[in-house]
Amino acid sequence: MFTIENQVSGRVFQTEGKDNILNDALAHGLNFPYGCQKGFCGKCKATIIEGEVDYEGEIPSGITPEEVAEGMALLCQCRAKSDVALVVAELDSVADIEVRTLPCKVQSINHLNHDVAQVFLKIPGSESLQYLAGQYIDLIHPDFEPRAFSIANAPSNTSLIELHVRLIEDGKFTNFVFNELQEKSLLKIEGPKGDFYFREKSEKPIILVAGGTGFGPVKAMVEHAIETKSRRAIHIYWGARDEKDLYTDLPEQWAKSHENISFIPVLSQANSAWKGRTGYVHESVLADFEHLVDYEVYACGPPAMVKATADTFVKRGMFKEDFFSDAFEFAFEGSTL
């Protein structure tokens, strides 16, 4: 095992040297900057202060032999061959991440239930999108206004973007996605956007409150926490109308596989066969936690749910600065959804 230290932040992680340093850093929760992840753009350059790295084959085109001689390296391509001390400016907030417009191709469309589609977008060629777990992108089609969707996968494979699209009855765009959009169709995305993202430096236990497809960014956060081996307690509450609206069993799998994760589904219109929690999702959280002063809360879903969560949780002791939210607004005017 080799030790990698970023002398700018003082953060340290270990690697076996089998993967490139960038991937190892991201897997340990360090937000090293990058662009294409393929050795072309040069955005992941860092200065090696001590230690040895090497490349498989020739030096990538994103770095010159002169830069290599001066001690610089492309972290997306080089591997550690010893303990390494390097200098790189980590991305600490959304302000540090560049908003980009990129082409993409529809890789697959899967209908998860009666009104939710899972759409995978592939960013082709030598590009990828750097983002923080929980952020969103604008999906751009020439026949519609840009439409915002949360990214539903962790930022580990950033050439592949997962979206959860809910069908809106009078929404032109969501009906297009469900009934007309085809695999291999070409679109564009713009992002990442939003300040709803997983705060990795905190050690506080986490309560995640999702309503409907608000589960998408919650999924990205939980996957990222699992990939970075976070040991923080994570309590997931997912609110829906009835059981068919809980469109994946992933939360149950997480809770079974990870002792620090718990999952409570809550239905507002449950039938008599439902044996679980009923009512509003935020009320189930209040029933389980007498005090919220020591928790971080992330809420994502319909505006009324997010507002009710914020108002009632503050009364239960939650600090406002520990509350992060993304309210899904559905603008029916013009039926452009």
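The values are calculated or read from the model by the stated rules, or taken from the named source; none is laboratory data. Small disclaimer: the values here were computed from a predicted structure and weren't measured. Note that each Cβ is placed from the backbone with ideal geometry, even for glycine, and that neighbours are counted across all protein chains shown. Side chains included, ligands, DNA and RNA excluded: accessible areas come from the protein's heavy atoms. Shrake-Rupley method; radii C 1.70, N 1.55, O 1.52, S 1.80 Å.
Under 5 Å between amide hydrogens, built in the peptide plane, is the criterion, and for G211 it picks out G239, C300, G301 among residues at least 5 positions away or on other chains. Ranking W274, W238 from most to least accessible surface, computed with a 1.4 Å probe over the protein chains only, gives W274, W238. Taking the Cα centre of region 208-335 as origin and assigning +1 to Lys and Arg Cβ atoms and -1 to Asp and Glu Cβ atoms, the resulting dipole is close to 220 debye.
If a/c stays under 1.5 just call it rounded; otherwise compare a/b with b/c (prolate if a/b is bigger, oblate if not). Do that for the chain, with a ≥ b ≥ c from the square roots of the Cα gyration tensor eigenvalues. Verdict is oblate for the chain.
Taking the Cα of R316, stepping 7 Å toward and past its beta carbon, and measuring to each backbone N in region 229-260: which are under 15 Å? Output list for this probe position: 234-239. Over region 116-205, Cα pairs under 8 Å with separation of 6+ residues give a relative contact order of 38 percent. Take each peptide in 182-194, 209-221, count the other Cβ atoms within 10 Å of every residue, and average; sorted highest first, the result is 209-221, 182-194. For region 122-214, the residue among I151, V209, Y136 whose Cα projects farthest onto the positive side of the dipole built from Cβ charges is V209.
Computed from label points 7 Å out along Cα-Cβ, the spacing between H291 and T47 is 4.8 nm.
Each residue of region 75-87 is assigned a 3J(HN,Hα), and the resulting list reads 5, 6, 10, 8, 10, 6, 10, 6, 4, 10, 10, 9, 10 Hz, derived from the Karplus form 6.51 cos²θ - 1.76 cosθ + 1.60 (θ = phi - 60°), x at Gly and Pro.
May I ask which of K122/K256; K18/K193; K38/K201; K122/K193; K81/K204 have a Cα-Cα span longer than 26 Å here?
Working: K122/K256 31 Å; K18/K193 33 Å; K38/K201 28 Å; K122/K193 18 Å; K81/K204 35 Å.
Pairs exceeding 26 Å: K122/K256; K18/K193; K38/K201; K81/K204.
Computed over protein heavy atoms with a 1.4 Å probe, the carbon and sulfur contribution to the accessible area of the chain reaches 48%.
Once you have a ≥ b ≥ c as the square roots of the Cα gyration tensor eigenvalues for region 52-195, tell me rounded if a/c is under 1.5, and otherwise prolate or oblate according to whether a/b is larger than b/c.
Values: a/c = 2.76, a/b = 2.38, b/c = 1.16.
The shape class here is prolate.
In the context of the full set of protein chains, residues of region 198-253 present 37 Å² of accessible surface per residue (probe radius 1.4 Å, heavy atoms only). For the pair region 172-186 / region 273-332, the C-alpha centres are spaced 32 Å from each other. Taken as Cα centroids, region 87-137 and region 13-75 sit 22 Å apart, rounded to the nearest whole angstrom. Neighbours of A225 by Cβ distance under 14 Å: Lys/Arg scored +1, Asp/Glu scored -1, total +1.
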